Amino acid sequence: MSRTPSAWLQRFAPHPPGTALDVACGSGRNLSWLAAAGWQVTGVDRDAVATAPLQSLAKIVVADIENAPWPLPSMAFDLVVVCNYLWRPLFDTIKSAVKPGGWLIWETFADGQQTIGRPSRPDFLLQRGELLRVCGDWRIVAYEDLFEDTVNPRFVQRVAAIRPPVP
């Protein structure tokens, strides 16, 4: 796995830095970049071993977000980042973690990936236009649904969206 932060995140992370949540942060490639850029970061992941080295950079919440209650029920962030993670039952929960006027930057594998490698289960692959539908009532700043023919080829879908402010 690359230690390089997501280029999509680097391109669309808003300025100035504020509070950020990295969902399924793993070993922290995006979390580390956000912290270095001045964000107050919270990372959530079920792997305590992978997240242990991140304790000095961010608030780390070790939780199984697929099989237990959402561990941050009353918290909202200026930026929520989700990379290489998909659990559809959390769509609304993750969107609710974005403050009004805040950003959601989501990037993960899409349908077609099963033809070239993992993940290959439909549960872990976005369907065509799915992130657009999920964020349909938000301001879509950028969206991609494509095949990247790079060193690590993959089918990917990405969105950068802003939650509407409260009227």
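Each value in this text was obtained by applying a stated rule to the coordinates, not by laboratory testing. Predicted model, so just to flag it, every value in this text is computed and none were measured. No Cβ is skipped: glycine too gets one built from the backbone with ideal geometry, and neighbour counts run over all protein chains shown.
Summary table
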read-out: Count of residues meeting criterion [assigned to a strand (DSSP E or B) and either under 13 Å from Ile140 (Cα atoms) or not hydrophobic (A, V, I, L, M, F, W, C) (or both)] in segment 95-110; value: 10
read-out: Which numbered condition Ser27 misses (of (1) within 27 Å of Val166 (Cβ to Cβ); (2) hydroxyl-bearing (Ser, Thr, Tyr); (3) surrounded by fewer than 19 Cβ atoms within 10 Å (Cβ to Cβ)); value: (1)
read-out: Single match in Val134, Val141, Val151, Val159 (criterion: more than 18 Å from Asp92 (Cβ to Cβ), of a type in the set (A, V, I, L, M, F, W, C) and surrounded by 12 or more Cβ atoms within 10 Å (Cβ to Cβ)); value: Val141
read-out: Odd one out for Ala63, checked against (1) more than 30 Å from Asp149 (Cα to Cα); (2) touching a helix residue (DSSP H, G or I) at 6+ places or on another chain (Cβ under 7 Å); (3) of a type in the set (A, V, I, L, M); value: (2)
read-out: Given (1) in a loop (DSSP other than H, G, I, E, B); (2) without any contact (Cβ under 8 Å) to a residue 12 or more places away in the chain, number of the condition Ile65 does not satisfy; value: (2)
read-out: Qualifying residue in segment 104-112 (condition: touching a residue at least 40 places away in the same chain (Cβ under 8 Å), of a type in the set (D, E, K, R) and surrounded by fewer than 17 Cβ atoms within 10 Å (Cβ to Cβ)); value: yes
read-out: Residues of segment 32-62 satisfying the condition of being without any contact (Cβ under 8 Å) to a residue 40 or more places away in the chain and part of a helix (DSSP H, G or I); value: Ser32, Trp33, Ala35, Ala36, Ala48, Val49, Ala50, Thr51, Ala52, Pro53, Leu54
read-out: Qualifying residue in segment 75-84 (condition: more than 17 Å from Asp145 (Cβ to Cβ), in contact with an Asp or Glu (Cβ under 6 Å, 6 or more places away or on another chain) and in a loop (DSSP other than H, G, I, E, B)); value: no
read-out: Residue in segment 47-96 that is nearest to the chain's Cα centre (by Cα), counting only those that are among the β-branched types (Val, Ile, Thr) and surrounded by fewer than 16 Cβ atoms within 10 Å (Cβ to Cβ); value: Thr93
read-out: When residues of segment 121-132 are limited to those that are touching a strand residue (DSSP E or B) at 6+ places or on another chain (Cβ under 9 Å) and not in a helix (DSSP H, G or I), the one farthest from Arg163 (Cα to Cα); value: Leu125
read-out: Scan of segment 80-103 for residues that are under 11 Å from Val23 (Cα atoms) and touching a strand residue (DSSP E or B) at 6+ places or on another chain (Cβ under 7 Å), ordered by number; value: Val80, Val81, Val82, Cys83, Asn84, Tyr85, Leu86, Ile94, Ala97
read-out: Flag if Arg11 is surrounded by fewer than 19 Cβ atoms within 10 Å (Cβ to Cβ) and either over 29 Å from Asp111 (Cα atoms) or under 15 Å from the mean Cα position of the chain (by Cα) (or both); value: yes
